[in-house]
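Below is one structure, written out as structure tokens; the observations come after it.
Only the coordinates and a few stated rules stand behind these numbers; no lab work does. Since the model is a prediction, treat every value here as computed from it, not as a measurement. Heads up, the Cβs are rebuilt from the backbone with ideal geometry, glycines too, and the neighbour counts pull from every protein chain shown.
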Amino acid sequence: MANTKRPKLLLLLAIAVAASWLKTYITYKTSFNMAIDNVMQEFILFINPLCFLLFIYGFSMYMRTWKGTVRYLLISSTIMTIVLYANVVFYRFYSDFITLPVLFQTNNFGDLGSSVLSSLRIHDPLYFADILIIWYAAKKLGEPAVKSAVRPMFRRLYFVGTAALLVLNLGLAETERPQLLTRSFDRELLVKNLGMYNYHLYDIYIQTKSHAQRALADGTELTEIENYTSANHAAPDPEMFGVAEGRNVIVISMESLQSFVINNDMNGHEVTPFLNSLTQDKDTFYFPNFYHQTGLGKTSDSEFIVENSLYPLSGGAVFFTNGGNTFNSMAEKLGDNGYYTNVMHPNGKSFWNRDMMYQALEVDHFYDIESYTIGEGDSVNWGMKDVPFFEQSADLMTEMPQPFYSRMITLTNHYPFTLDEEDKIIPEYDSNSKTLNRYFQTVRYMDEALKSFFDDLKEKGLYDNSIIVMYGDHYGISENHNKAMSTYLGEEVTPLVSAELQKVPMFIHIPGYGEGETLETLAGQIDLRPTLLHLMGIDTKEDLQFGTDIFSPEHDEFVIFRDGRFITPDNIYAGEVCYDLSTREEAEDPAACEEEMQKVQQELKYSDMIINGDLLRFYRNQPVSGQEVELREAE
């Protein structure tokens, strides 16, 4: 009788571990699109939740009462289930895993309502099944009649065994993926090898470490970075430098627009007739091999990249994590050259911390939702429809001092891609993905809104003296819809195709220029800052930036994604495979991408150092390359 509690406690512990372990593994296989290439990777994926579960649930052996044991197991299971389920819902929307900074973006949550609701599924209560199993098992086992603690020796052996399992897990992971813990930008790789719960512990460590960098930074780190960016600077093309000098600058961020819709149709319906016409326009440069480079911050990341020619952070949006940093933005450069700088976006000023971040970027004015009149029928999904947004924005531009720099952010073509019936110009697609089906309709609507905006600029006399730059901010169709995309594209969405689907349209329209063309140059959002400033006749040689002028003969045709994938004219590195673009198969030479991989890690590291250390606070007021650089003090 003296040991009646011990078997029941250990049996309940075993049931709790087994239930949560099995649930986590099933969730891996059904809710996340993680590529598994061999049996060893599958085995690592299978065992990686176990050591964490054994460790956390193991503390139940220290509870003094049966009720305390059951309560501890249920609370622990509930917390881990919330973490797992939150990642499931987040992954459905972002195709990525939650990081610590994302959890502190709470002022965005109220605006995410429709997106979150669209990410819920009828079977979602099954993610909480292990909690019910533990509760039911405890009820059936019943409280033992005699109290008996687990022996200290058994507890010690239990935790030693758990530690040994962790070492085995890490050893196998390191064998399968050397230098795993140096690749914190690749969250899928970390989850596959460390497990969901251990990944979050590692993320806390990484975020803590990054925040410490600012406190410890003293500016000496800049020398190495400055030498690197100076060596990679691309001098502007003399024929293009200053061709738009003195003009108004209008930069339009086209929400969720990917290039696969350009010059394409959907069941016989042209999706982007206006943008298609611009690809043939004599005043327009069109770039079909242009890529977004955003991370978890999505639209805010694209803003950050375009303004600063720095990479976004791996673990969160710079707009939140480093909104108080010092920057040397494009808005600041244009402001120094007499431009009235502003951002136009009909959303709350605090959404994505824009009100604070725009001060750091030295934007003169933010035309937020309070600057617009949203009448009945003018709003859908995330906010103001694009047509009235552009109409009212054109009116606001007539009141601005010239020259002005206006950066505009559209809203209608945003997940979950819903429209009012009267705004549907083409029918839905007919795939198994409601998201993809609706996407073509909202893209078509945005295209019509852009056409109307060009007409408004002409009518108000703003068109001829402006340069209009338009780019897709990030993907709209995530990898969760690969099956439907395969149907539309007529080919399987492999890691190579998935990387190529990150192409977003980019147009530079210069009214009256007359020498526009389609340029096949490989480029990314990080190249926009130097390209546009050079077109305006503003030199960037002394700036710390990683992009290069797309028109420059010295432009570096190399695109780095925040997750470590990259693209060159010859190769694509994706899914941990180096592809040869001439054959579209895995490269015969295993070392074909090694040199570029080193460059990827170096640039991402340098960019992270600048952001996490807030290094530009030292750079702004220091001599650069032996010369004093006059920079405007932050207001």
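So which of Lys23/Lys139; Lys139/Lys192; Lys29/Lys139; Lys8/Lys29; Lys385/Lys434; Lys385/Lys424 end up more than 24 Å apart, counting from Cα to Cα?
On the way: Lys23/Lys139 21 Å; Lys139/Lys192 35 Å; Lys29/Lys139 30 Å; Lys8/Lys29 32 Å; Lys385/Lys434 21 Å; Lys385/Lys424 13 Å.
Table pairs above 24 Å Cα-Cα are Lys139/Lys192; Lys29/Lys139; Lys8/Lys29.
Set Lys and Arg Cβ to +1 and Asp and Glu Cβ to -1, take the dipole of region 514-604 about its Cα centre, and tell me which of Ala587, Met597, Leu544 lies farthest positive.
Checked the options; the winner is Leu544.
Please list, in chain and number order, the residues 5+ apart from Asp96 or on another chain whose amide H is under 5 Å from its amide H, with Hs placed from the backbone.
Those lying under 5 Å, H to H, from Asp96 are Tyr91.
Would you list the P(r) distribution for region 138-247, with all Cα-Cα distances sorted into 10 Å bins from 0 and each bin expressed as a whole %?
The percentages, shortest bin first, are 10, 19, 20, 21, 15, 6, 5, 4, 2, 0.
Sorted by packing (mean other beta-carbon atoms within 10 Å per residue), highest first, where do 261-268, 67-74, 572-579, 285-292 land? The partial results should precede the final answer.
Values: 261-268: 16.0, 67-74: 17.9, 572-579: 20.5, 285-292: 23.2.
Averaged packing, sorted descending, gives the order 285-292, 572-579, 67-74, 261-268.
So what's region 452-498 giving for Cα Rg divided by 2.2 N^0.38 Å, two decimals? Each step should come with its number before you reach the end.
Details: Rg = 18.4 Å, N = 47, 2.2 N^0.38 = 9.5 Å.
Compactness ratio reported: 1.93.
Please say if region 537-581 is rounded, prolate or oblate, where rounded means a/c under 1.5 for a ≥ b ≥ c the square roots of the C-alpha gyration tensor eigenvalues, and otherwise the choice is prolate for a/b larger than b/c and oblate otherwise?
Oblate, since a/c reaches 1.5 and b/c is not below a/b.
Semi-axes of the equivalent ellipsoid for region 271-381, please: Cα gyration tensor eigenvalues, times 5, square-rooted, ordered largest first, whole Å. Don't skip to the answer; put the middle values down first.
Values: eigenvalues 121, 87, 59 Å².
The equivalent ellipsoid of region 271-381 has semi-axes of 25, 21, 17 Å.
When only C-alpha pairs under 8 Å and at least 6 residues apart count, what is the relative contact order of region 219-324, in percent? Walk me through the numbers on the way to the answer.
Details: 60 pairs, mean separation 13.8, N = 106.
Value for region 219-324: 13 percent.
Normalising by the residue count of the chain, find the relative contact order in percent from Cα pairs under 8 Å and 6+ residues apart. Please list the in-between numbers first.
Details: 1042 pairs, mean separation 126.1, N = 635.
Contact order relative to length: 20 percent.
Under 5 Å between amide hydrogens, which residues at least 5 positions from Met408 or on another chain qualify, with H placed 1.01 Å from N in the peptide plane?
Close amide H contacts, sequence-distant or interchain: Val251, Ile252, Ser253, Met344.
Residue separation times 0.36 nm, minus the C-alpha to C-alpha distance between Ile79 and Met356: what's the value? Please report the intermediate quantities before stating the final value.
Details: separation 277, 0.36 × 277 = 99.72 nm, distance 3.30 nm.
Separation in residues times 0.36 nm, less the Cα-Cα distance, equals 96.4 nm.
In region 527-587, which trypsin sites (Lys or Arg not before Pro) are in a loop and have at most 15 other Cβ atoms within 10 Å, using DSSP for the loop call? Provide the component values of the computation, followed by the final result.
Values: sites: Lys541, Arg562, Arg565, Arg584; in loops: Lys541, Arg562, Arg565, Arg584.
Within region 527-587, the qualifying trypsin sites (Lys or Arg not before Pro) (loop, at most 15 other Cβ atoms within 10 Å) are Lys541, Arg584.
So which chymotrypsin sites (Phe, Trp or Tyr not before Pro) in region 492-569 are both in a DSSP loop and have at most 16 other Cβ atoms within 10 Å of their Cβ?
Numbers: sites: Phe507, Tyr513, Phe546, Phe551, Phe558, Phe561, Phe566; in loops: Tyr513, Phe546, Phe551, Phe558, Phe561.
Answer in residue order: Tyr513.
Is the shape of region 360-402 best called rounded, prolate or oblate, per the rule: a/c under 1.5 gives rounded, else a/b larger than b/c gives prolate, else oblate, with a ≥ b ≥ c the square roots of the Cα gyration tensor eigenvalues? Spell out each step's value before the answer.
Numbers: a/c = 2.81, a/b = 1.58, b/c = 1.78.
Oblate shape, in that a/c is at least 1.5 and b/c is the bigger or equal ratio.
Return the FRET efficiency for the residue pair Lys605, Asn465: r is the Cβ-Cβ distance, R0 is 41 Å, and the value is rounded to the nearest 0.05.
0.45
Please check which bits of region 413-449 a label hung off Asn33 would reach, taking the label as a point 7 Å along Cα-to-C-beta and the cut-off as backbone N under 14 Å.
432-437
With a cap of 12 neighbouring Cβ atoms within 10 Å, and only residues DSSP puts in a loop, list the GluC sites (Glu not before Pro) found in region 431-500.
Filter output for region 431-500: Glu491, Glu492.
Rounded, prolate or oblate, given the Cα gyration tensor of the chain, with a/c below 1.5 counting as rounded?
Numbers: a/c = 1.99, a/b = 1.71, b/c = 1.17.
Since a/c reaches 1.5 and a/b is larger than b/c, the shape of the chain is classed as prolate.
Can you give me the long-range amide H partners of Tyr340? Hydrogens built in the peptide plane at 1.01 Å from N, cutoff under 5 Å, separation of 5 or more residues or another chain.
Correct list: Phe404, Tyr405.
Reported to two decimal places, what Rg/Rh ratio describes region 472-609 when computed on Cα atoms with Rh from the Kirkwood expression? Let's see the in-between values first.
Values: Rg = 16.8 Å, Rh = 16.9 Å.
Reported Rg/Rh (Cα atoms, Kirkwood Rh): 0.99.
If the only charges are +1 at each Lys and Arg Cβ and -1 at each Asp and Glu Cβ, what is the size of the charge dipole of the chain around the Cα centre, to the nearest 20 debye? Kindly include the intermediate steps, with their values, before the conclusion.
Working: 49 positive and 86 negative charges, 1148 e Å.
Once rounded to the nearest 20, the dipole reads 5520 debye.
Considering the Cα trace of region 229-276, what is its radius of gyration and what is Dmax, both in angstroms?
17.5, 49
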